[in-house]
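First up is the structure itself, then whatever we jot down about it.
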Amino acid sequence: MTAPLIDRIRRHVSMNGPLPLAEYMHWCLADKTHGYYQTKSVFGREGDFVTAPEVSQMFGELIGIWLIRTWDTLGRPNRFNLVEIGPGNGTLMRDILRAAKVDKDFSEAAHPVLIETSERLIDTQRDKLAEHENINWLKSLDDLDKHPALIIGNEFLDALPPRQYVKYENEWFERGVGIDEQNSLIWVTLPTRKLDTKLLPSGHEHEPDGAVFEISTIRESFVERMASHISTNTGAALLIDYGHIKSGFGDTFQAIAKHEFADPLACPGEADLTSHVDFEPLSIIATQTGCTAMPVISQGEFLLKLGLLERAGALGASKSTDEQRRITEEAERLALPHEMGDLFKVFAFSSRDALWPFTEFPH
Ligand code: SAH
């Protein structure tokens, strides 16, 4: 079945010319009627992809322990916003709040805030977190009040659109979506939209024609707003996503449907569209906005330092062999290098100089 979104995109392109990739992606994900996050049951084994909180309760529990420790480093403020941005099904926040019960002072000081744009997902989150009465939903980071904030986001940044530029004869042209004579969506370059080469990483002169560079000013502006809120009100942020520590070249724009890679132009609104996160500019922006950026580390390293193996052992004690095997497999999925352990990175910044288990970032 053809999604009606494709007809609207075709019409828009015939009237106005090609859509830059970032606008195409935004339309596919966020359209109020046919956008992917509005219409689909996306997470978990029945959905299109499984995120770390859906793989195992241990992920959220360990992040809960990280939050308590970070709150302690911040001087144990007696009221703070515990913010999750892009909470999906609400599983991560549910596991965090359960784990945080070990520290009564933390639990009393925490005011959970979920920032979500999808009405459908807000309903799912309300159901999942029904036992917690003190949760607030906000549409934007700008609506946060002026208390210290601990902000987390798992697989949030990758959902924010990048722009792509393609090299041709020493110039870099923005990539967009057009239509061909058969009315199919196709990739095109936008000859009037060129990237200032000052924005490219070093070495761009040596890249061949056809090389791709991605930049996401929307991600940068989200990190800037988080960092500005944190440097003014104190706090810390923890952002986990797939991506790279250093800027580079390459096309990472991808579509996933039913756990398989799909053609991003084939069915707008039907597949999840993401791209890998380039953490280098985000780290620089957090620092420029008055926070201390911690070195970006892999999810595997982060979870092991937080005590994943110990947690798996404790959870498996007194369980059946089958249960123990399941718990081991979950821990492996989260942390082994060829599973989620290496590709996923953990980026933290704070109004404090150092945070466990990171060390200070030498900018
Ligand atoms: N964190 C969840 C879900 C990740 S998917 C998990 O790990 O399972 C991305 C989430 O970000 C979805 O909940 C989506 O609706 C939300 N989202 C996308 N753009 C957003 C925006 N601009 N502001 C707030 N939430 C957004």
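The values are calculated or read from the model by the stated rules, or taken from the named source; none is laboratory data. Since the structure is predicted, the reported quantities are computational estimates derived from the model, not experimental observations. With ideal geometry, Cβ positions are generated from the backbone for all residues, glycine too; neighbour counts draw on all protein chains shown. Keep in mind that these areas ignore ligands, DNA and RNA; they rest on the heavy atoms of the full protein, side chains included. Shrake-Rupley method; radii C 1.70, N 1.55, O 1.52, S 1.80 Å.
Taking only the Cα atoms of the chain, the ratio Rg/Rh comes out at 0.98, with Rh defined as the Kirkwood radius.
Residues whose amide H falls under 5 Å from that of G235, counting only those 5 or more places apart or on a different chain, are A149, S351, R352, with hydrogens built in the peptide plane. Per residue, the average separation of C-alpha pairs within less than 8 Å and at least 6 apart gives the stretch 236-363 a relative contact order of 36 percent. Of the residues L67, W27, Q57, the one whose Cα sits farthest toward the positive end of the charge dipole of the stretch 27-67, with +1 on the Cβ of Lys and Arg and -1 on the Cβ of Asp and Glu, is W27.
How large is the Kirkwood hydrodynamic radius of the stretch 178-269, counting all unique pairs of alpha carbons, in Å?
Details: mean 1/r = 0.0585 Å⁻¹.
Taking the inverse mean of 1/r over all distinct Cα pairs, the stretch 178-269 comes out at 17.1 Å.
Around the amide H of G243, modelled in the peptide plane, lie the amide H atoms of V277, K345, all under 5 Å away and 5 or more residues distant in sequence or on another chain.
Rounded to whole numbers, the Karplus 3J(HN,Hα) couplings from phi for the stretch 259-267 are 6, 10, 5, 10, 7, x, 9, 5, 9 Hz, using 6.51 cos²θ - 1.76 cosθ + 1.60 with θ = phi - 60°, and x at Gly and Pro. Sparsely packed loop sites in the stretch 153-248 (the chymotrypsin sites (Phe, Trp or Tyr not before Pro) outside DSSP H, G, I, E and B with at most 15 other Cβ atoms within 10 Å) do not occur.
Net length available on complete extension from R98 to E169 is 19.9 nm, with 0.36 nm assigned per residue and the Cα-Cα distance removed. When shorter helices are ignored and each DSSP H run of at least 4 residues is given -39500 (n - 2.57), the per-residue value for the chain at 222 nm works out to -10500 deg cm²/dmol.
When DSSP beta bridges are restricted to pairs lying wholly in the chain, around 60% turn out antiparallel. For the stretch 123-133, 3J(HN,Hα) computed residue by residue from phi via the Karplus equation (6.51, -1.76, 1.60; θ = phi - 60°) reads 4, 4, 5, 4, 5, 5, 10, 4, 6, 9, 8 Hz, glycine and proline entered as x.
So what's Rg/Rh here for the stretch 239-281, counting alpha carbon atoms and using the Kirkwood radius for Rh?
Working: Rg = 12.0 Å, Rh = 11.5 Å.
We get a ratio of 1.04 for the stretch 239-281.
The Cα atoms of the stretch 190-230 cover 41, 24, 15 Å along the three principal axes, with the biggest extent listed first. Phi angles across the stretch 135-148 convert, under the Karplus curve 6.51 cos²θ - 1.76 cosθ + 1.60 with θ = phi - 60°, into 3J(HN,Hα) values of 8, 10, 9, 10, 8, 8, 4, 5, 8, 5, 7, 8, 9, x Hz, Gly and Pro given as x. Distance between the C-alpha centres of the stretch 1-67 and the stretch 307-353: 26 Å, rounded to the whole angstrom.
When the accessible area of the chain is split by element with a 1.4 Å probe, what percent falls to carbon and sulfur? Walk me through the intermediate numbers first.
Values: 8260 of 16540 Å².
C and S fraction of accessible area: 50 percent.
Check which residues have an amide H placed less than 5 Å from A211's amide H, if you skip close sequence neighbours. For A211, the qualifying residues are K167.
Sparsely packed loop sites in the stretch 91-172 (the trypsin sites (Lys or Arg not before Pro) outside DSSP H, G, I, E and B with at most 13 other Cβ atoms within 10 Å) comprise K139, K146.
In the stretch 148-304, the inverse of the mean reciprocal separation of distinct Cα atoms equals 17.4 Å; this is its Kirkwood hydrodynamic radius. The stretch 82-109 and the stretch 200-269 have Cα centres separated by 27 Å. Which loop chymotrypsin sites (Phe, Trp or Tyr not before Pro) in the stretch 285-363, with loop taken from DSSP, have no more than 16 other Cβ atoms within 10 angstrom of their Cβ? Here no chymotrypsin sites (Phe, Trp or Tyr not before Pro) fit, given the DSSP loop and packing criteria. Measuring between alpha carbons in the structure, the pairs from K167/K345; K167/K198; K101/K139 lying more than 19 angstrom apart are K167/K345; K101/K139. With axes computed from alpha carbons, what is the tilt in degrees of helix 321-335 against the longest principal axis of the chain, rounded to the nearest 10 within 0 to 90? Its long axis makes an angle of about 50 degrees.
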